[in-house]
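Below is one structure, written out as structure tokens; the observations come after it.
The values are calculated or read from the model by the stated rules, or taken from the named source; none is laboratory data. Bear in mind the structure is a predicted one, so any value in this text is a computation, not a measurement. We place every Cβ from the backbone using ideal geometry, glycine too, and count neighbours over all the protein chains shown. The area values use the complete protein model at the heavy-atom level, side chains included, leaving out ligands, DNA and RNA. Shrake-Rupley method; radii C 1.70, N 1.55, O 1.52, S 1.80 Å.
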Amino acid sequence: MRIGGQQKLACWKSSLDPAPGLFSFHVDPSGAKQFVLTWNNSVQYWTSGTWDGHVFSQIPEMTNEALHNISVEDTNTGLYITYTWMILKHELSRFVLVKLGVIQQYSLLDDSRWNLFWFQPRDQCAVYGQCGAYGSCNPNNIEFCSCVEGFTPLNNYTWASQEWWFSGCVRHSPLNCYAKNSSTDGFLEPSVTLPDVDSASSYPGNLKERLPESLPP
């Protein structure tokens, strides 16, 4: 497999719709010798780690050089990475970018079944925008997306399918912005993880203010 320049591996929009989805797998456009996963062609949320001449640092399964032959070529049209699966000459390998933004590598065993060799990111909640607007992601739950308190799925059908949470959530009821003394509107204190894969951190919310009792017309 040779990939680089403007080439991208894009996911399907859904299991029934082969139109390009929100996620793509490609060589880093900055020129760094690494693969990246990108949301909506704008937000990078995972990298393979820079190629050091032997391995990609963020893919532990590729540390055994006997299994892989990788070469990097810098040309006038861009950076190209060529990957060859080395276990058996007749054995096939394939990469799949699933609709939920995870890249997977499979190898064909016994000419009859595909074996999942590795996948990234391991934490499904590391995928950018996984649960959409006002959604909350918890990798410990079977259905890892849920709506924050006071919100409900925008599209119950897509959430029930467990493959299109990105539509997000909407409020149960509108804000009571003009109430003088009876408003119960306020702020929650969620923990937010930044999408910058090089220095991802979690910051607890500290918004303790209440909405003003009344707003000017």
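Looking only at the stretch 6-37, which residues are on the phi < 0 side of the Ramachandran plot and of a type in the set (G, A, S)?
If the condition is that a residue be on the phi < 0 side of the Ramachandran plot and of a type in the set (G, A, S), then A10, S14, S15, A19, G21, S24, S30, A32 are the ones that fit.
Just checking, how many residues over the stretch 4-27 are of a type in the set (D, E) and surrounded by 18 or more Cβ atoms within 10 Å (Cβ to Cβ)?
Summing the residues that are of a type in the set (D, E) and surrounded by 18 or more Cβ atoms within 10 Å (Cβ to Cβ) in the stretch 4-27 gives 0.
Starting from the stretch 3-32, take each residue that is closer than 14 Å to T75 by Cα and touching a residue at least 24 places away in the same chain (Cβ under 8 Å) and list its partners that are exposed (fewer than 15 other Cβ atoms within 10 Å of the Cβ) and charged (D, E, K, R), counting only C-beta distances under 9 angstrom and pairs at least six apart or across chains.
Qualifying pairs under 9 Å: G4/E73; G31/D74.
Of the residues in the stretch 153-164, how many are of a type in the set (S, T, N, Q) and open to solvent by less than 30 Å² (accessible area, probe 1.4 Å)?
Going residue by residue through the stretch 153-164, those that are of a type in the set (S, T, N, Q) are 155-156, 158, 161-162.
Now restrict to residues that are open to solvent by less than 30 Å² (accessible area, probe 1.4 Å): 158.
The total comes to 1.
Among the residues of the stretch 57-70, are any on the phi < 0 side of the Ramachandran plot, in contact with a Leu (Cβ under 8 Å, 6 or more places away or on another chain) and modelled with pLDDT under 90?
No - not one qualifying residue is present in the stretch 57-70.
So, in the stretch 122-140, how many residues would count as being touching a Gly at 6+ places or on another chain (Cβ under 8 Å) and touching a residue at least 40 places away in the same chain (Cβ under 8 Å)?
2
Name the residues in the stretch 1-19 that are in contact with a strand residue (DSSP E or B) (Cβ under 9 Å, 6 or more places away or on another chain) and not in a strand (DSSP E or B), would you?
M1, G5, Q6, Q7, K8
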